[in-house]
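Everything on this sheet refers to the single structure shown next.
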Amino acid sequence: QFLFVVTFSTFLLCCVEYDVLFANRPLNHSQVPAPERSKVTLPDAILPAPQCAQRIRANGWVIFLLVMAAVFWLYRLVKVLCSLLSYWEIRAFYIKALNIPSDGLCNYSWQEVQARLISLQREQQMCVHKKELTELDIYHRILRFKNYTVAMVNKSLLPVRFRLPLLGHVVFLTQGLKYNLELLLFWGPGSLFQNKWNLQPQYKRAGSRLELAQRLARTMVLLGLANLLLCPFVLVWQVLYAFFSYTEVIKREPGSLGARRWSLYGRHYLRHFNELNHELQARLSRGYKPATKYMNSFTSPLLTVLAKNVGFFAGSILAVLIVLTVYDEDVLTVQHILTAITLLGLVVTLARSFIPDEHMVWCPEQLLQRVLAHIHYMPDHWQGNASKSETRNEMAQLFQYKAVFILEELLSPILTPLILIFALPARALDIIDFFRNFTVEVVGVGDICSFAQLDIRNHGNPQWLSAGQTEASVYQQAENGKTELSLMHFAITNPRWQPPPQSELFLSHLKEKVQQDAAAAPPAQRILAEGPLGTSLLS
């Protein structure tokens, strides 16, 4: 894709004669038969290869951009080749050690693969530092850096929330910013980790925290300046890639920009500790339809009236143009008539997307509870306030329009350097303290985030636990019950896992409470009949 975008963009810039293509300049048709002289074919507008090459050589900026693109592509090629070697080793390990053939891999669940890996450790001692591997050890190895990131988002350590004039509270976390944060903290030159499994020793000592924070702040500013230097090139790439990716989709389905997706911030906010990518994706996919219905339950009467009128006017003009083209196809040869028909079709489709279904009956509280059943996390002040616009706006930070996602990614090359230079250095000391206070060394696994141990005594939230079950201070506890919910999710996903005694006691109390509530609950028919959803259905 990268090669195609670069090559095609260069071709469009240097190898097309647009005056000929748009018929602004007549062609010399002296050697062409008379009946064909008025026609301009596509080859007429494409320059010959020598002339095209001469144009490219004469443009210094194009040469410079092509050299930069070639360097980046060679870097990507080396990374892909290294990844292929790793994938080949993984393939051999699956076939020879786990006895899982390549063609049958799609028929195995992750739990089955994991069980074979644990069994193989008992037989061959792949990990020499401990006799047996547990499910938690395997998750810790795979999700070492992910757990740190989830914990930092949970503790509001990363500067991704801003208050802007006119816009109010906004969240900004893009792929570019995420890449820079991972480069800075985990695997880049000068990062906090000395390899893939160990934090650098000096970051574990409190004595030099101020010096380390100053060094990290300087690295943040330097990385921000490097991003600022590369901003024009990254911005050009983002614009070209977005244009080639989304233009055809928008033309075919204009309403696709009004579709929603889980934001990158939402994926980190809603992610449990020790939750693999496919587990998170499955959970959020189950919550997609309820979340869409909840967000669509908010309608603006003024916007609906405007959309109906705009749709009526645009549809009327479009209908006349369509009738004229059916009556006489020569209408299509009129300049810009196809452009007008296409744009009017887009306007009609967009207007319809703002008109709610008049036959639908919405119950925001019921819908938000359905969403919560899948996403598992919800601020306390949402409870009972599902119909308020403030709740919807906060939900929109987790579940954003696709158009907003595209706009954020386009703005990322400009805003990411500013965040790295001005917002992130102020958090350097907090980040240094976080990695020192919440890193533990596990034999056979390496350094991991202590929140990922699912230890409710050290990181539990008192609102979720009985008295005496946790010793965690406000600084040590995870927010929104993430430790407890992550523990429940991991225990359900891995039923053979043996949790620590304190965690096992919490889970047993929870099971008893659920069974008591289920036994005391009224029949489902009565709940349906008494609830607002049941009332509207039975009316």
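The values are calculated or read from the model by the stated rules, or taken from the named source; none is laboratory data. None of these values were measured; they are calculated from a predicted model. Counting neighbours? That spans all protein chains shown, and the Cβs are built from the backbone with ideal geometry, glycine included. Note: accessible area is taken over every heavy atom of the protein model, side chains too, but ligands, DNA and RNA are not part of it. Shrake-Rupley method; radii C 1.70, N 1.55, O 1.52, S 1.80 Å.
Odds and ends about this structure:
- Three principal axis extents describe the C-alpha atoms of segment 301-354; from largest down they are 42, 16, 13 Å.
- Taking the average, over residues, of other Cβ atoms within 10 Å as the packing measure, peptides 149-156, 81-88 rank 149-156, 81-88 from highest down.
- Solvent-accessible surface of segment 287-375, taken per residue with a 1.4 Å probe and all protein chains present: 67 Å².
- Contour excess over end-to-end distance, with Cα ends at LEU240 and TRP497 and 0.36 nm allotted per residue: 87.7 nm
- Percent carbon-and-sulfur accessible area, segment 1-134, ignoring ligands, DNA and RNA, probe 1.4 Å: 64
- 17 Å tail of the calculated P(r), segment 198-280, as % of Cα pairs: 75
- Tail weight of P(r) past 21 Å, computed on alpha-carbon pairs of segment 183-338, percent: 75
- Remark: for residue pairs LYS293/LYS402; LYS146/LYS511; LYS155/LYS178; LYS196/LYS482, the C-alpha separation exceeds 22 Å in LYS146/LYS511; LYS196/LYS482.
- Per-residue HN-Hα couplings for segment 438-444 [Karplus 6.51, -1.76, 1.60; θ = phi - 60°; Hz; x = Gly/Pro]: 10, 10, 10, 9, 10, 4, x
- Across all directions, the average flat footprint of the convex hull enclosing the Cα atoms of segment 360-499 is 13.2 nm².
- Scattering curve values for segment 1-134, log₁₀ I(q)/I(0), Debye with Cα scatterers, q = 0.17, 0.18 Å⁻¹: -1.00, -1.06
- LEU229/LEU84 FRET efficiency (R0 25 Å; Cβ-Cβ; nearest 0.05): 0.20
- Considering every alpha-carbon pair of segment 454-514, the percent of pairs per 5 Å bin, from zero through the bin containing the longest distance, is 4, 20, 32, 27, 13, 4, 0.
- Net charge, LEU235 excluded, C-beta distance under 14 Å - Lys, Arg +1, Asp, Glu -1: -2
- Angle in degrees between helix 110-124 and the longest Cα principal axis of the chain, rounded to the nearest 10: 50
- When the solvent-accessible area of segment 290-349 is split by element, carbon and sulfur atoms take up 72 percent of it, the probe being 1.4 Å.
- Remark on ILE46: its backbone amide H falls under 5 Å from those of GLU17, a criterion applied only to residues 5 or more positions apart or on other chains, H modelled at 1.01 Å from N.
- Whole-Hz Karplus values for segment 482-489 come out as 5, 4, 5, 5, 5, 4, 4, 5 Hz, taken residue by residue from phi with 6.51 cos²θ - 1.76 cosθ + 1.60 and θ = phi - 60°; glycine and proline positions read x.
- Structure-based [θ]222 nm, the chain - -39500 (n - 2.57) summed over DSSP H runs of at least 4, per residue, nearest 500: -19000 deg cm²/dmol
- D_trans [Stokes-Einstein, Kirkwood Rh over alpha-carbon pairs] for segment 317-410, 20 °C, 1.002 mPa s, µm² s⁻¹: 123
- Net charge of Cβ neighbours under 15 Å - reference GLU358; Lys, Arg +1; Asp, Glu -1: +1
- For segment 454-514, accessible area per residue (1.4 Å probe, heavy atoms of protein chains only), Å²: 53
- A full extension of the chain between GLN383 and TRP197 corresponds to an added length of 62.9 nm, given 0.36 nm per residue minus the alpha carbon distance.
- Residues whose placed amide H lies under 5 Å from that of GLN400, excluding near-sequence neighbours: ARG261, SER263
- Each other residue within a Cβ distance under 12 Å of LEU85 adds +1 if Lys or Arg and -1 if Asp or Glu, for a net charge of +1.
- In this simple spin-label model, placing a label point 7 Å from the Cα along the Cα-to-Cβ direction at both ARG215 and LEU510 gives a separation of 4.0 nm.
- Coordinate range along principal axes, alpha carbons of the chain, Å, largest first: 94, 67, 53
- Think of it this way: in the chain, CYS14, CYS82, CYS106, CYS127, CYS231, CYS363, CYS449 stand alone, with no other Cys Cβ under 4.7 Å.
- Accessible area of segment 454-514 belonging to carbon and sulfur atoms, whole % at 1.4 Å probe: 57
- Summary of the geometry: segment 361-433 and segment 272-287, compared by the centres of their Cα atoms, lie 17 Å apart.
- In the context of the full set of protein chains, segment 90-220 has a per residue accessible area of 55 Å² (1.4 Å probe).
- The peptide list 169-179, 300-310, put in order of mean Cβ contacts within 10 Å with the highest first, becomes 169-179, 300-310.
- Amide H contacts of GLN200 (H built 1.01 Å from N, in plane; Pro and chain starts excluded): PHE193, GLN194 sit under 5 Å, all sequence-distant by 5 or more or on other chains.
- In plain terms, the chain from LEU105 to GLU329 could stretch by 75.1 nm, reckoned as 0.36 nm per residue minus the Cα-Cα distance.
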